[in-house]
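Worksheet: the structure to be examined is printed underneath.
The numbers here are math on the coordinates, done by the rules we state, and not lab data. Because the structure is a prediction, the values reported are computed rather than measured. A quick note on method: Cβ atoms are made from the backbone with ideal geometry, for glycine too, and the neighbour counts reach across all protein chains shown.
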Amino acid sequence: MSVKILAIESSCDETSASVLADGVILSNYIANQTVHEQYGGVVPELASRAHQENIVPVVDLALHKAGVRKNELSAIAFTQSPGLIGSLLVGSCFAKSMALALNIPLIAVHHMQAHVLANFIGEHKPSFPFLCLTVSGGHTQIVRCDGPLDMKVIGETLDDAAGEAFDKSAKLLGLPYPGGPLIDKYAAEGDPNRFKFPEPQIPGLNFSFSGLKTSILYFLQEQREKDPQFTENNMADICASVQHRIVSILMNKLVKASKETGIREIGIAGGVSANSGLRKALQEYGKKHGWNTYIPKFEYCTDNAAMIAITAWYKYQAGEFAGLDAVPGARAGF
Amino acid sequence: MEWTFSENELEVTAKSFWQHYNAQHIFTLEGPMGAGKTTFVKALCAAKGVEDATASPTFSIINEYAYRQNGALHSIYHLDLYRLRDEDEAIAAGVEDTIYKENAICFVEWPDIVAHLLPPDTVRLQLSVLPDKKRLLRAG
């Protein structure tokens, strides 16, 4: 009999549910809060109330699409940490209740491990050891994986995440928040070498983006004194230059990590993996340094339950189950 | 109370800050983007002996760090309410739980939407950039 797992992700903005059978994703539904933008808000609805409203329909849809009945499930998985506590609680309470009612095991998943394991959905899987650069709105990490459940963070941001560096640069340029994707769009038309922004000198494999933010702020202030329309007139070149710098900060650390560990299986994960500059750079650097490179499909890059399901599948095989006393947490450590 | 400091005076400033505010727990923190709010909170965490990686809470809304004092484990919360819309959302996100947790220290950025939830002894901090690029921290 095959192993069927229902996974729930509710760590931040999105409520998502996914069904997996023997390592294959059968469905992956994400109820994001775009519906609320129709009411004029650009700030996403974050209330755990929204998760409470979404969770039953999303789970129902995921099961229906997969053609799996509740009583066929072998385990229920949920995101335990890190995340917003109010949001995590909705997913964990739901998962626990369902596991208890069906009398099947419960699996607690770490959100950041799941991002990395999104690279293991589908046929083109990395082999171990594997290095993954996880870049999202809230996180920037280089993770060394010696097995699917054997991971270590070997570098991380000391301040802003890469996604935040994009969003906040966009805000300094007067673009709406979150403006990361807009930077990518303008950058396609611009000259990445027109303006030079400094690369922070951070020892080891850690990152820092707050200095870049401040240097962009100073740069724009100076230029606007000379030409009040400077930003508007040079938007494409500024965006291309900013993107080029953020991507080069990420890639230079990845090169360093690869050299230090001797690992050439290299992947990226997280929402910022959608950035075209980063995707292109990974391929270019990969060719130059002889890496095998991996990028999950877009729907598995942003927050989603399929990555929780694939992680739960490895945990199921390893017999790593959680008790009903498993508590969600905001702290980020593995 | 106010402090003026450059980047390499952060550590000293953080120590002096905690000497002054040894009994206060709730702080609001305001200042323009790029002023160094996250960097300053990071220095304050380090001065308290936090070993967790500290980072910006803009996306995550609430970051939690742990430190040890007299053998007991305490929490520092760093909140950024920019992405929340109103008090209901803030309560649903767990803001009350951090503000009223015993002995927990809270730094709240973009605190306007939770003005009614903050205790009367909340310390209001303002961080700004001076023309010589030093930072000015004012408490009022």
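Arranged by the count of other C-beta atoms within 10 angstrom, fewest first, what order do B:M1, A:M307, A:M251 take? Could the numbers behind the result be given before it?
Details: B:M1 12, A:M307 33, A:M251 18.
Arranged by neighbour count, lowest to highest, B:M1, A:M307, A:M251 become B:M1, A:M251, A:M307.
Could you grab the relative contact order for the range B:2-139? Cα pairs under 8 Å, six or more apart, rounded to a whole percent.
In percent, rounded to a whole number, it is 34.
Please name whichever of A:S81, A:P129, A:A99 sits farthest to the positive end of the charge dipole of the range A:58-207, dipole taken about the Cα centre and charges placed at Cβ: Lys and Arg +1, Asp and Glu -1.
Positive-end residue among those listed: A:A99.
Positive end of the charge dipole of the range B:2-139 (Lys, Arg +1 and Asp, Glu -1 on Cβ, about the Cα centre): tell me which of B:A72, B:C106, B:F5 has its Cα farthest that way.
B:F5
Can you pull the Kirkwood radius for the range A:125-295, inverse mean 1/r over Cα pairs, to one decimal in Å?
Hydrodynamic radius (Kirkwood, Cα pairs) of the range A:125-295 is 16.3 Å.
What number, rounded to the nearest 500 deg cm²/dmol, is the helix-based mean residue ellipticity at 222 nm of the protein assembly as shown, given -39500 (n - 2.57) per DSSP H run of at least four residues and division by all its residues?
-11500 deg cm²/dmol
Can you put B:T122, A:T261 in order of Cβ neighbours within 10 angstrom, beginning with the fewest?
A:T261, B:T122
Let me know the Kirkwood hydrodynamic radius for the range A:133-172, please, with Cα pairs as the basis and the value in Å to one decimal.
Over the range A:133-172, the inverse of the mean reciprocal pair distance is 11.0 Å.
Can you tell me which of A:81-89, B:73-81 comes out highest on packing, and rank the rest after it, using the mean Cβ neighbours within 10 Å?
Highest-to-lowest ranking by the protection proxy: A:81-89, B:73-81.
Does anything in the range B:25-45 have its amide N under 15 Å from the 7 Å Cα→Cβ label point of B:H116, and if so which residues?
none
Using a basic spin-label model with each label point 7 Å from the Cα along Cα→Cβ, how many nm lie between A:E225 and A:Q201?
Here the answer is 2.6 nm between the modelled labels.
For the ranges A:268-274, B:110-116, what's the packing order if you count other beta-carbon atoms within 10 Å of each residue, average per peptide, and put the highest first?
A:268-274, B:110-116
Within 12 Å, Cβ to Cβ, of A:M98, how many net charges do the neighbouring residues add up to if Lys/Arg are +1 and Asp/Glu are -1?
Values: positive: A:K70, A:K96; negative: A:D60.
Result for the neighbourhood of A:M98: +1.
Using a 7 Å offset from the Cα along the Cα-to-Cβ direction at both A:K287 and A:T261, what is the distance between the two label points in nm, to one decimal?
According to this spin-label approximation, the distance is 2.5 nm.
Taking Cα atoms of the range A:259-334, Rg/Rh with Kirkwood Rh, to two decimals?
1.07
If you wrap the range B:56-137's Cα atoms in a convex hull and average its projection over all directions, what's the area in nm²?
Averaging across all directions leaves 6.8 nm² for the Cα convex hull.
Return the long-range amide H neighbours of A:A161 (sequence gap of 5 or more, or a different chain), with a cut-off of under 5 Å between placed amide H atoms.
Under 5 Å from the amide H of A:A161: B:S56.
Determine the shielding of peptide B:59-68 by partner chains: average, over its residues, the number of Cβ atoms on other chains within 10 angstrom of each Cβ.
Numbers: counts 14, 12, 10, 6, 5, 7, 3, 2, 0, 0.
For this peptide, the per-residue mean of nearby foreign Cβ atoms is 6.
Consider just the alpha-carbon atoms of the range B:2-139 and return their Rg together with their Dmax, both in angstrom.
In Å, with Rg to one decimal and Dmax whole: 14.3, 43.
When the Kirkwood radius is taken over all Cα pairs of the protein assembly as shown, what Stokes-Einstein diffusion coefficient follows at 4 °C and 1.567 mPa s, in µm²/s?
Details: Rh = 23.2 Å.
Rounded to a whole number, D works out at 56 µm²/s.
State the antiparallel share, in %, of DSSP beta bridges confined to the range B:2-139, rounding to the nearest 5. Walk me through the numbers before you get to the answer.
Values: 17 of 30 bridges.
Percentage antiparallel, nearest 5: 55.
Within a 10 angstrom radius of the beta carbon, how do B:R124, A:R245 rank from fewest other beta carbons to most?
B:R124, A:R245
Please give every one of the aspartates and glutamates within straight-line cross-link reach of A:K70, meaning a C-alpha to C-alpha distance under 17 Å, and leave out same-chain neighbours fewer than 8 residues apart.
In chain and number order, the partners are A:D22, A:D60.
For every other residue with a beta carbon closer than 15 angstrom to the beta carbon of B:D80, add +1 if it is Lys or Arg and -1 if Asp or Glu, then tell me the sum. Walk me through the numbers on the way to the answer.
Numbers: positive: A:K168, A:K171, A:K213, B:K37, B:K42, B:R83, B:R85; negative: A:D13, A:D159, A:D160, A:E164, A:D167, B:E30, B:E64, B:E89, B:E109, B:D112.
After counting each charged neighbour, the total is -3.
Sequence gap at least 6, Cα distance under 8 Å: using those rules, report the relative contact order of chain A to the nearest whole percent.
25 percent
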